[in-house]
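In what follows, a single structure is set out as structure tokens and then discussed.
A short reminder: the numbers here are calculations on the coordinates, not readings from a lab. All figures in this text were calculated on a predicted structure; none of them were measured in a lab. Positions of Cβ are generated from backbone atoms using ideal geometry, with glycine treated the same way; all protein chains shown enter the neighbour counts.
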Amino acid sequence: EDQVTQSPEALRLQEGESSSLNCSYTVSGLRGLFWYRQDPGKGPEFLFTLYSAGEEKEKERLKATLTKKESFLHITAPKPEDSATYLCAVGGSQGNLIFGKGTKLSVKP
Amino acid sequence: EAGVVQSPRYKIIEKKQPVAFWCNPISGHNTLYWYRQNLGQGPELLIRYENEEAVDDSQLPKDRFSAERLKGVDSTLKIQPAELGDSAVYLCASGGNRDRDTGELFFGEGSRLTVL
């Protein structure tokens, strides 16, 4: 069964304090690993797609990396506006996205 | 460019009452998804359309949920009768021809349902 597990569930950082979020997955035939950002009361917003181990993608203070079993979302020198829930998803065998529960990030000034 | 539009944003109903949600996807997007998101959880797929055809409805509780996508554009998700456990945010998303490969879905703001 395709499965996505994210950790930690919640993360509180001070502004400028870099850290990483983890997404581990089990899937029969990875079709892609996807990161989304979700603000309160909003729908998820697409960030990155990673296809193969060793691949990296960057956007502003965010960098996503992928291994054969997990993905990391690195946040460098975060700002309060980076506060959100970050969702990881994998492409399932049925052609749909399977989401994890997310990591709620809070960045305090 | 307008994003995915959903209505209503909020709905409060008594259990056993019916409710319907409407979604207008991004123009030109042929795939449309309905997801349900419970508090503190990730979105879970209910149904996926490619144009007018429901290609994956395996997770849709068909005894009380129904959906339609007329003319391959707008879509409606209906619950009848609603149960307490149906309280959640119902998200609509659309994607272009390559969304199954890129994973890039565009989500609406969701419809928050509270069943009392």
(message) Whole angstrom only: what separates the Cα centroid of region A:62-83 from the Cα centroid of region A:39-55?
(response) 10
(request) Determine the alpha carbon to alpha carbon distance for each of A:LYS69/A:LYS108; B:LYS15/B:LYS71; A:LYS42/A:LYS79; A:LYS63/A:LYS101; A:LYS42/B:LYS78 and list only those over 27 Å. (result) A:LYS69/A:LYS108; B:LYS15/B:LYS71
(message) To make sure I understand, if each residue's beta carbon is the centre and we count other beta carbons within 10 Å, what order do B:LEU113, B:LEU45, B:LEU70 fall in, fewest to most?
(response) B:LEU70, B:LEU113, B:LEU45
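Give me B:LYS11, B:LYS62 ranked fewest to most by other Cβ atoms within 10 Å of their Cβ, as a rough exposure proxy.
B:LYS62, B:LYS11
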(message) If you take every DSSP beta bridge fully contained in chain B, what fraction is antiparallel? Give it as a percent rounded to 5.
(response) 90
(request) Just grab the label-to-label distance for B:GLN80 and B:GLU68, each label 7 Å out from Cα along the Cβ direction, in nm (one decimal). (result) 1.0
(message) Could you tell me the relative contact order of chain A? Use alpha-carbon pairs under 8 Å, at least six residues apart, and round to a whole percent.
(response) 37
(request) Calculate, axis by axis, the spread of Cα positions in region B:1-113 along the three principal axes, and write the results as whole Å, longest axis first. (result) 39, 24, 23
(message) Nearest 500 deg cm²/dmol is fine: what mean residue ellipticity at 222 nm does chain B get from its DSSP H runs of n ≥ 4 alone, each adding -39,500 (n - 2.57), divided by its residue count?
(response) -500 deg cm²/dmol
(message) Quick query: amide H of A:LEU97 versus all other amide H atoms, modeled in the peptide plane; which residues come in under 5 Å with a sequence gap of 5 or more or a different chain?
(response) A:GLY92
(request) Pull out a ≥ b ≥ c, the square roots of the eigenvalues of the alpha-carbon gyration tensor of the protein assembly as shown, then state rounded if a/c is under 1.5, prolate if not and a/b is larger than b/c, and oblate in the remaining case. (result) prolate
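Taking other Cβ within 10 Å of each residue's Cβ, how do B:TRP22, A:TRP35 sort, fewest first?
B:TRP22, A:TRP35
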(request) Please give the peptides B:86-95, A:11-20, B:28-37, A:79-88 ranked by average Cβ packing (other Cβ atoms within 10 Å per residue), highest first, as a rough proxy for protection. (result) B:86-95, B:28-37, A:79-88, A:11-20
(request) Work out from phi, with θ = phi - 60° and the Karplus expression 6.51 cos²θ - 1.76 cosθ + 1.60, the ³J(HN,Hα) of each residue of region B:36-42, listed in order in whole Hz, and give x for Gly and Pro. (result) 10, 10, 7, 4, x, 10, x
(message) Under a crude label model (7 Å from the Cα following the beta-carbon direction), how far is A:ARG12 from A:GLU56 in nanometres?
(response) 3.1
(message) Below 8 Å, C-alpha to C-alpha, sequence gap of six or more: please give me the relative contact order for region A:48-109 in percent.
(response) 23
(message) Please list, ordered by chain and number, the residues whose modelled amide H lies under 5 Å from the amide H of B:THR31; skip anything fewer than 5 residues away on the same chain.
(response) B:ASN51, B:GLY95
